[in-house]
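Note sheet for the following structure.
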Amino acid sequence: MGRSGDQSPAVNGGVSFWYARTGLPEPRPALPGDADADVCIVGGGYTGLWAAYHLKKADPGLRITLLERRFCGYGASGRNGGWLYNGFAGRAAFARRYGHGPAAAMQRVMDAAVGEVADTVAAEGIEADLVRGGVLEVARTPAQLARLRAFAEAERSYGADRIHLLTAAETGDRVRIAGTLGGTWTPYGARVQPAKLVRGLAGVVAGLGVRIHEQTPVTAVEPATVGSRARAVTPHGTVTADYVLRATEGFTAGLRGERRTWLPMNSAMIATEPLPPAFWTAVGWTGREVLGDFAHAYMYAQRTADDRIALGGRGVPYRYGSRTDSDGTTQPATVRQLREILDSFFPAAAGARIDHAWAGVLGVPRDWCATVDLDRATGLGWAGGYVGSGVTTADLAGRTLRDLVLGRDTELTRLPWVGHGVRRWEPEPLRWLGVHALYAAYHAADRQEATGRPTGSPLARLADVISGRY
C-alpha cells in the first residue's frame, strides 16, 4: 500500500474514477439540425435513458430523440457511489402530506425496483459489476445509535421483514468497522459500477432505435402553445416534439428559467488503491454490501470489483450561483475530510494510497422530495430531485414517465411523488448562505455527538427544520 499519511490523490477529476480503466467514451454525433420527434428527452443520465428504454419497449414505433450536453453518463450517473437501493427522497414528507398508505405504496415499488433493475441489467447483458449484497448502515456514537434504532422502527412500519437490527458483534460479522456500536441491514440493495451501468444502458437504448445526440447542450425547454408543440432548443437546432421530458437532475439550474428549481448539491468521493488480501481478511466485507452511517454529514462506500474502497461524502456542499464543478475536480480540503473518514472507519487502510478523487452534483428540491410529472397541455414533463438516491429511483421515474406519456392510469401514476408541488429555492446570496450554514451545523452536530452525547445535537434538529427536510 501507499505511504502513510499521503493526502494527495493520484488523479483528481477526470469526471470520475469509474472511467479510469476504460477512459472517457467517444461522444456520439451532435444534433445535425432541426428535428421532429414524438418524445424528446433532455439529459443522458439514468433518468433519461430509463425513460427512453421503457417507452421504446412499450411502443417500439415511438420516435424518441435524446439530447445530452457532453456524453451519456457525464453527470451523477457516471460519478455516484454505486448504491442501487430502495431509499428515496421525501418518504417522511409524503407520509405527512398524503398519509402513510401512499408513502407505503411508493416504498413497496421502490423495494421491488432494486430487483427489477438487477433483472433488466442481466436480461440486457449489461456488465455492471452488480452484486446484491444489501445495504449495511452503522452507528459509531450513542446519538447515532439512537437514530439508527428510530430508523429501524420506522422501516418496520413499512413491513416487518424489511430491515434487520444488528448488534455491534453482528455488524462486525459483515464488516469490521472501528468503533461500531450497532447496525442495520436490508436486502433491498446492490453494488454497481455506475459508469458501466449508464454506458451499457445507453448502448441498449441506442440499439432499440432511440436517436441519441451527445455534445448537444439544451439551453431552453419551451412549452407547447396554440398551434405549436413543445421544443428543446440547442445551438445546433431545435427538436420539436409532442412531449419534452426534462431529465437533467443537478444540471437543471443551467436551463433558462430553472436556476431556482433544484439546487445542485456537491458530493465528492475517493477511491483507494486495490487493497491486499490481508486487509480484507481483517475487515471482512465478503458480502459486498454497500455501506453507510448515521452521521448527519453521512458517508457512503462500497467495496469495488477490484478490491478498492470507494467512499464519499458532502465536502463543500454548494457553489455560489448554482455553479457546477469542472469535470469532477474536487477541493483538497474535501479529499482530506474523506481520507479522515476512511482512516477512522478502517485504521488498517491508513497507509493506503488514494488513487482517485472526484465530485459531482445532485439535484435538491426545496423540500428535499423527488418528483415526477407530465403536463399534457404544455407537453413538458420532468423527473428528478433525488437528493443522492437516484440510481434506483431513476428507473421508477422512467417507468412512471412512460405511463404518463402513454396516458395510462396505473399504480405508478398514482404514487404521491407524481405532481408533487415544490416551491423554488431562495435567490442568492440567501441560497449560498443557507446551504453553507446548514452543513456547518450538521458538521458541528457530528463533532458534539462524537464526544459521547447520548442524544442528537439540537444543532442538527434546528438544521433539519430550517432546511425543510422534516
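Derivation of every value follows stated rules applied to the coordinates shown; laboratory data play no part. As the structure is a computational prediction, the values presented were derived from the model and not from experiment. Quick reminder, even Gly has a Cβ in these numbers, built from the backbone with ideal geometry, and neighbours come from all protein chains shown.
Observations, loosely collected:
- Convex hull of Cα atoms in the range 45-176, direction-averaged projection (nm²): 11.3 nm²
- The range 107-123 - phi-based ³J(HN,Hα) in whole Hz, Karplus 6.51/-1.76/1.60, Gly and Pro as x: 5, 4, 6, 5, 4, 5, 5, 4, x, 5, 5, 4, 5, 5, 4, 5, 5
- Computed from Cα positions, the angle between helix 458-467 and the longest principal axis of the chain comes to roughly 0 degrees.
- Diffusion constant of the range 109-264 at 10 °C, which comes from Stokes-Einstein with the Kirkwood Cα-pair radius and 1.306 mPa s, µm²/s: 81 µm²/s
- Degrees, to the nearest 10: 430-450 long Cα axis against longest axis of the chain: 30 degrees
- Summing +1 for each Lys or Arg and -1 for each Asp or Glu among the other residues whose beta-carbon sits under 15 angstrom from that of Leu401 gives -2.
- Computed over the Cα atoms of the range 243-285, the ratio of the radius of gyration to the Kirkwood radius (Rg/Rh) comes to 1.39.
- In whole percents, the pair-distance distribution calculated for the range 1-86 from its alpha-carbon pairs, binned every 5 Å from zero, is 3, 11, 17, 18, 17, 12, 9, 5, 3, 3, 2, 1.
- The three principal axes of the C-alpha atoms in the range 257-408 carry coordinate ranges of 61, 36, 27 Å, sorted with the longest axis first.
- Kirkwood hydrodynamic radius (C-alpha pairs) into Stokes-Einstein, the range 189-294, 20 °C and 1.002 mPa s, D in µm²/s: 117 µm²/s
- Its Cα centre serving as origin, the range 135-239 has a Cβ charge dipole (Lys and Arg +1, Asp and Glu -1) of approximately 200 debye.
- When the Cα positions of Val422, Ala123, Val372 are compared along the charge dipole of the chain, Val422 comes out farthest toward the positive end, with charges on each C-beta of Lys, Arg, Asp and Glu.
- Dipole magnitude for the chain: computed about the Cα centre from +1 point charges on Lys and Arg Cβ and -1 point charges on Asp and Glu Cβ, it is near 780 debye.
- Antiparallel bridges, percent of DSSP beta bridges restricted to the chain (to nearest 5): 65 percent
- For the Cα trace of the range 359-470, dividing Rg by the Kirkwood Rh returns an Rg/Rh value of 1.09.
- Computed extension length for Ala122-Ala444: 111.5 nm, one decimal, from 0.36 nm per residue of separation with the Cα-Cα distance subtracted.
- Long-range HN-HN contacts of Leu245 with modeled amide H, under 5 Å: Cys40, Ile41, Val42, Gly381
- Overall form of the range 238-332 per C-alpha gyration tensor (a/c, 1.5; a/b vs b/c): prolate
- For Gly456, residues with placed amide H under 5 Å, excluding near neighbours: none
- Toward the positive end of the charge dipole of the chain, with +1 on the Cβ of Lys and Arg and -1 on the Cβ of Asp and Glu, the farthest Cα among Gly284, Leu433, Gly48 is that of Leu433.
- Cα-based shape type of the range 336-408, given that a ≥ b ≥ c are square roots of the gyration tensor eigenvalues and the cut on a/c is 1.5: prolate
- Annotation: for a label point projected 7 angstrom from Cα along Cα→Cβ of Ala58, residues of the range 201-243 with backbone N closer than 14 Å are 243.
- C-alpha long axis of helix 142-156 to longest principal axis of the chain, angle in °: 50 degrees
- For the range 203-218, the Karplus equation 6.51 cos²θ - 1.76 cosθ + 1.60, evaluated at θ = phi - 60°, returns couplings of x, 5, 4, 4, x, 7, x, 6, 7, 9, 10, 8, 6, 10, x, 8 Hz by residue, with Gly and Pro reported as x.
- Under 5 Å from the amide H of Ala230 lie the amide H atoms of Ala224, Ala241, each residue being 5 or more positions distant or on a separate chain, with H modelled from the backbone and absent for Pro and chain starts.
- Here the Karplus curve 6.51 cos²θ - 1.76 cosθ + 1.60, taken at θ = phi - 60°, turns the phi angles of the range 395-406 into couplings of 5, 4, 4, x, 5, 5, 4, 4, 5, 5, 5, 7 Hz, with x standing for Gly and Pro.
- Charge dipole magnitude, Cβ of K and R +1, D and E -1 - the range 1-117, Cα centre, debye nearest 20: 380 debye
- Net lengthening on full extension, Thr410/Gln331 (0.36 nm per residue, minus Cα-Cα): 23.9 nm
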